[in-house]
Amino acid sequence: MFGYHGRFLEVDLTRRQTRDLPLTEDFCRKFVGGATMAAALVNDRVAPGLDPLGPDNPLVMATGPFTASPLPMVSRYAVGAVSPLTGFWGEATSGGVFPFRLKGSGWDGLIVTGRADRPVYLYLKDGVAEIRDAQAFWGLDSYAVQDALKADTGDAEASVAAIGPAGEKLIKYACIMNDAGRAAGRCGLGAVMGSKNLKAVAASGRKRPPSADPGRVAELAKEAVSLISGHLVSLALKEYGTNMYMDMGMVLADTPARYFTGSVFPAQALTGQAFRKKYRITNYACRGCPIGCGREVNEFKPGLKVDGPEYETVAAFGPLVGNTDLDLIVEANHRCNVHGVDTVSAGVSIAYAFYLFEKGGLTRDQVGFDLGWGNGPAALKLLDLVLNQEGIGVLVSQGTLAMAKALGRDEGEAAQVKGLEFPMHDVRSFHGQALSYATGPRGACHLKGDYYNIDLGNMVIEYMILPGDRLVSEGKGEPAAKYQSYKDLFDALTLCKFAPLEPTRVAAMLGALTGWAVTPEELLAMGDRSVTLKRMLSAKFGVNRSLDRLPAICARALEEGATAGITPDLDRMLDEYYAYRGWDPATGLPTQAKLAELGLTAGTPS
């Protein structure tokens, strides 16, 4: 097989056993890799009633056929399991060096089941796997444990993906950190690792599967580097990182303020330029990336270098709580990284507490101090309560939906879809994005179809996904579904979402690596299969059309900014979306005919 090792490492932590799980070429072509292959493996092993924090929840780390190849922007891996935050399918991806090392260890990924009787970590190198004791490392933060395990292995080339204290404490939105500050951030998969007493995975090695046509791969890689390097968005990302968008987001009413109840704020105080002006910032790149969108704030405190913050974090701890204090945002970001929590869910949950305090849903006696828009120190103090699992922080650490239920509030106040908190793009601003949030395979997600990019002027001509009026809902269903499928495929290949590559080029890359004759139409079908597979997986736990909805707090028309008086027509878009997907419009579930067309069944994908 070209492009794959053709095997996963299967780890049973309860029995402390490992074995190889062979992958057939048919299975690889059907489910590609990354998050899609993870979903296929998990789907075979879970049933309704599963406890996401129980030993039977499989945790998968998966690379794809692109990973560790000469192509640019492919050093990514996916993590998948049933999410403890949402109760449905959960996935996250991360970059850095770890994806190269994971595939270089001699496997395409690993699947972990069971629960160790005491803390352990996995060490994978050149086709040999060890389950090692990690008792001495339990309690270390996510940075310290990476350094400690590199020293423990004595392997200078090892890269480590680990949980911090948040994962150990089973915080519902704990993440997995690798290569210092890179994060597989969403869905609480760090808590799944913690529930298994798995502190980390250390990977090393340079085993790379052969390519079907190495010369063509090299040619395509060279072309792609040139195309990516000269792209306008790539240049902006290199200069300012993802926070290049802050001021544009405010102008378009796309960056939410005051817990999604506003859109106007002093954006100039929070831009990438503002960060550049105040701090000495350097950028860094994942292995093989010509952009380098990662930020490092140097000497934030004596001897301290802080990873990030990215746009999502700046918005979550900035305008979402009415804060413009850059020092506080950098500090909040760093504490999240050290403990290992998702900055999006953490920031949105804290902002919900601010909103509740304003509305009388939380009192000073319950919180212990006052919350009010613009009170940055209070946001940081509340974050500490979350991280330390103290007082009201215990509830806030469970996410907005759990907060609303526990406090007897209307669930429409919880800024989430299927339990996953909203990212920092406002659905009133881009109606195609609203649909992507409502139907996203893991819940509210701007990366599972970043449709705002389409209506900002980008396009995928081969699939007739073209820019339109961002404030119009009619006609968005089919192109948003296609774009969601195409971008879902990136997490299978694995390919960074910032890679501005058209389907014909991606198909050629996959063909040169694997030897498969792949057309752009087949690529789209692969993406359709991926989205549908994840839908069927989540359907085991209750997902249907009734959960494809937007919370009122995020969809209700605003009285200010560029979207004043405007709200998306979700039902209209959903009907168009289901028609394209071949899903029953009444249930929102795939029809038997669609499952047969995609080679899936309701019970198992394999």
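Looking at ALA151, ALA224, ALA158, ALA200, which one is in contact with a Phe, Trp or Tyr (Cβ under 6 Å, 6 or more places away or on another chain) and among the small types (Gly, Ala, Ser)?
Within the list ALA151, ALA224, ALA158, ALA200, the selection yields ALA200.
Out of the stretch 487-517, which residues are buried (at least 24 other Cβ atoms within 10 Å of the Cβ), closer than 25 Å to MET573 by Cα and touching a strand residue (DSSP E or B) at 6+ places or on another chain (Cβ under 8 Å)?
If the condition is that a residue be buried (at least 24 other Cβ atoms within 10 Å of the Cβ), closer than 25 Å to MET573 by Cα and touching a strand residue (DSSP E or B) at 6+ places or on another chain (Cβ under 8 Å), then ASP488, ASP491 are the ones that fit.
List the helices (runs of 4 or more DSSP H) that sit entirely inside the stretch 131-233 and contain at least 1 residues that are among the basic types (Lys, Arg) and modelled with pLDDT of 95 or more.
142-153, 214-230
I'm trying to understand the selection: among the residues of the stretch 358-405, which are among the hydroxyl-bearing types (Ser, Thr, Tyr) and within 23 Å of CYS554 (Cα to Cα)?
Passing the criteria: SER397, THR400.
Residues checked against (1) among the hydrophobic types (A, V, I, L, M, F, W, C); (2) out of contact with any Cys (no Cβ under 7 Å at 6 or more places or on another chain); (3) at pLDDT 95 or above:
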{"residue": "LEU387", "(1), (2), (3)": "yes, yes, yes"}
{"residue": "GLU390", "(1), (2), (3)": "no, yes, yes"}
{"residue": "LEU395", "(1), (2), (3)": "yes, yes, yes"}
{"residue": "ALA415", "(1), (2), (3)": "yes, no, yes"}
{"residue": "MET424", "(1), (2), (3)": "yes, yes, yes"}
{"residue": "SER429", "(1), (2), (3)": "no, yes, yes"}
{"residue": "SER436", "(1), (2), (3)": "no, yes, yes"}
{"residue": "PRO441", "(1), (2), (3)": "no, yes, yes"}
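Go over the candidates ALA346, ALA316, ALA351, ALA379 one by one and state the one that is over 21 Å from ALA92 (Cα atoms) and either outside the structural domain of ALA269 (by TED's automatic domain parsing) or under 21 Å from the mean Cα position of the chain (by Cα) (or both).
None of the others qualify; the one that does is ALA351.
Residues that are free of Cβ contacts under 8 Å to residues at least 24 places away in the same chain and either among the charged types (D, E, K, R) or closer than 21 Å to ALA517 by Cβ (or both), at least 1 per element: which strands (runs of 3 or more DSSP E) completely within the stretch 1-83 meet that?
17-22
So is ALA218 outside the structural domain of THR86 (by TED's automatic domain parsing), surrounded by fewer than 17 Cβ atoms within 10 Å (Cβ to Cβ) and small (Gly, Ala, Ser) or not?
yes
Taking the stated definitions as given, is VAL120 under 20 Å from GLU91 (Cα atoms) and either outside the structural domain of PRO84 (by TED's automatic domain parsing) or modelled with pLDDT of 95 or more (or both)?
Against the criterion (under 20 Å from GLU91 (Cα atoms) and either outside the structural domain of PRO84 (by TED's automatic domain parsing) or modelled with pLDDT of 95 or more (or both)), VAL120 does not qualify.
Could you please let me know if ALA136 is in contact with a helix residue (DSSP H, G or I) (Cβ under 6 Å, 6 or more places away or on another chain), without any contact (Cβ under 8 Å) to a residue 24 or more places away in the chain and small (Gly, Ala, Ser)?
no
I need a count of the residues in the stretch 518-549 that are of a type in the set (S, T, N, Q) and surrounded by 19 or more Cβ atoms within 10 Å (Cβ to Cβ).
Number satisfying all stated conditions: 3.
More than 28 Å from ASP455 (Cα to Cα) and either among the polar types (S, T, N, Q) or surrounded by fewer than 17 Cβ atoms within 10 Å (Cβ to Cβ) (or both) - does that describe any residue in the stretch 236-254?
Checking the stretch 236-254: not a single residue is more than 28 Å from ASP455 (Cα to Cα) and either among the polar types (S, T, N, Q) or surrounded by fewer than 17 Cβ atoms within 10 Å (Cβ to Cβ) (or both).
Report, ordered by the first and then the second residue, all pairs with beta carbons closer than 7 Å, sequence separation of six or more or different chains, a first member in the stretch 338-362 that is among the charged types (D, E, K, R), and a second member that is modelled with pLDDT of 95 or more.
Correct list of pairs: ASP342/TYR173; ASP342/CYS175; ASP342/GLY185; ASP342/ARG186.
Identify, please: which residue in the stretch 334-351 is in contact with a strand residue (DSSP E or B) (Cβ under 7 Å, 6 or more places away or on another chain) and within 20 Å of GLY372 (Cα to Cα) and is, among those, surrounded by the most Cβ atoms within 10 Å (Cβ to Cβ)?
Selected residue: SER345.
Just name the residue that is surrounded by the fewest Cβ atoms within 10 Å (Cβ to Cβ) out of those in the stretch 60-72 that are under 15 Å from ALA203 (Cβ atoms) and either not assigned by TED's automatic domain parsing to the domain that holds ALA191 or not polar (S, T, N, Q) (or both).
ALA68
Any residue that is closer than 20 Å to ARG442 by Cβ, touching a helix residue (DSSP H, G or I) at 6+ places or on another chain (Cβ under 7 Å) and assigned to a helix (DSSP H, G or I) - is there at least one of those in the stretch 503-519?
No, the stretch 503-519 contains no residue that is closer than 20 Å to ARG442 by Cβ, touching a helix residue (DSSP H, G or I) at 6+ places or on another chain (Cβ under 7 Å) and assigned to a helix (DSSP H, G or I).
The values are calculated or read from the model by the stated rules, or taken from the named source; none is laboratory data. Fair warning: this is a prediction, and the values are worked out from it, not measured in the lab. Cβ: placed from backbone, ideal geometry, glycine included. Neighbour counts: every protein chain shown.
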